[in-house]
1. Only one residue in V147, V131, V136, V154 is in contact with a helix residue (DSSP H, G or I) (Cβ under 8 Å, 6 or more places away or on another chain) and surrounded by 11 or more Cβ atoms within 10 Å (Cβ to Cβ), so which one is that?
2. Please identify the pairs in which a residue from the stretch 177-204 that is not assigned by TED's automatic domain parsing to the domain that holds N155 and among the small types (G, A, S) has its Cβ atom under 6 Å from the Cβ atom of a residue that is at pLDDT 95 or above and in a strand (DSSP E or B), counting only partners at least 6 apart or on another chain.
3. Residues in the stretch 121-161 that are in contact with a His (Cβ under 9 Å, 6 or more places away or on another chain) and more than 13 Å from K190 (Cα to Cα): how many?
4. If you scan the stretch 189-204, which residues turn out to be surrounded by 13 or more Cβ atoms within 10 Å (Cβ to Cβ) and over 14 Å from H137 (Cβ atoms)?
5. Please find, among Y125, Y118, the residue that is surrounded by 18 or more Cβ atoms within 10 Å (Cβ to Cβ) and either within 18 Å of the chain's Cα centre (by Cα) or free of Cβ contacts under 8 Å to residues at least 40 places away in the same chain (or both).
6. Just checking: which of the strands (runs of 3 or more DSSP E) contained wholly in the stretch 108-204 hold 1 or more residues that are among the polar types (S, T, N, Q)?
7. Select from the stretch 170-186 the residues that are surrounded by 13 or more Cβ atoms within 10 Å (Cβ to Cβ), of a type in the set (A, V, I, L, M, F, W, C) and more than 11 Å from V136 (Cα to Cα) and list them in ascending order.
Amino acid sequence: MIFDFNNLFFISMFVIPGVISMKTYDYHIANDRTKYSATHLILEAIMFSIINMSLLLPIILVIINTNNYISNNNLNSFIARHPILFSVNYVVLFAICPFVWTNLFVFARKKFFKTSPYKMAWDHYFSQEPVSFVLVHLNDDSMIGGVFADKSKVNDYPNSNDIYIEEQWEVDDNGKFIKKLDLTDGVYIKSNEYKYLEFFEYTE
C-alpha cells in the first residue's frame, strides 16, 4: 500500500503544527486569511511546521534513534507496542509545543517591539482591555456616553467596528458625563452610525 500510516504520520508532522500555530496566532491577533489562496495557507502551515521541527530537532532525533522509528520502518509496530508513549510524544511535540512557541512569540512581540502586531489601531487599543468613559459622536452630531469595561465588546479586524458599551450615561451638549442612566443594560452601536469615539479616564 503506497499511502500507509507511516506516510500519513510524516505528512501530519509538516501540517498539523503549522495549523495549530496559525490558529493560535489568529486567536491573539485578528487576521483575515480568507483573502489568501489554499496553496498559500498550506505553504504557510508547512513553514510553521518546519520552524517547530527545527526548534525540536534534538529531541526528535533522540526519540527517533531511541525507538528506531525510521531506520527499521517499524512505526506501526512501535505504536502497537507503546500506544500511550507514542500518543504523548505526538501531542507534546506537534500540538502543545507549537501552541507554546506561538504564545511566546506573540508575548515577545507585544512586549519588546515598538511596532504593534495589530493591523488596526482599533485592535491595538482594545487588546489592552481598557476601562474608560467613552463618548460616541453619532452621524447626526448627537452624542452617546457610557462606560466601556469588562462586559463591553467590540468587533476586531477584519469585521466592522461595531461597539457594545455596557453602561450608558447621560451626557450634556458639551459631552460632559452627568450620571449613569437608570436600568441601563448598555448600548450597541454599529460602525456606520458614528463618526468617531473619544475615551476618557474612568473614575468612580
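The values are calculated or read from the model by the stated rules, or taken from the named source; none is laboratory data. Given the structure is predicted, the values throughout are model-derived calculations rather than measurements. All Cβ positions, glycine included, derive from the backbone under ideal geometry; neighbour counts span all protein chains shown.
1. Details: V147 fails: in contact with a helix residue (DSSP H, G or I) (Cβ under 8 Å, 6 or more places away or on another chain); V131 fails: in contact with a helix residue (DSSP H, G or I) (Cβ under 8 Å, 6 or more places away or on another chain); V136 fails: in contact with a helix residue (DSSP H, G or I) (Cβ under 8 Å, 6 or more places away or on another chain).
Sole residue among the options that is in contact with a helix residue (DSSP H, G or I) (Cβ under 8 Å, 6 or more places away or on another chain) and surrounded by 11 or more Cβ atoms within 10 Å (Cβ to Cβ): V154.
2. Partner pairs satisfying both residue conditions: none exist.
3. So in the stretch 121-161, the residues in contact with a His (Cβ under 9 Å, 6 or more places away or on another chain) come out as 127, 143-144.
From what is left, the residues that are more than 13 Å from K190 (Cα to Cα) are 127, 143.
Total satisfying the criteria: 2.
4. Y202
5. Y118
6. Numbers: elements: 132-138, 143-148, 163-165, 167-171, 177-180, 187-189, 194-201.
Counting at least 1 such residues, we get 132-138, 167-171.
7. F177, L181
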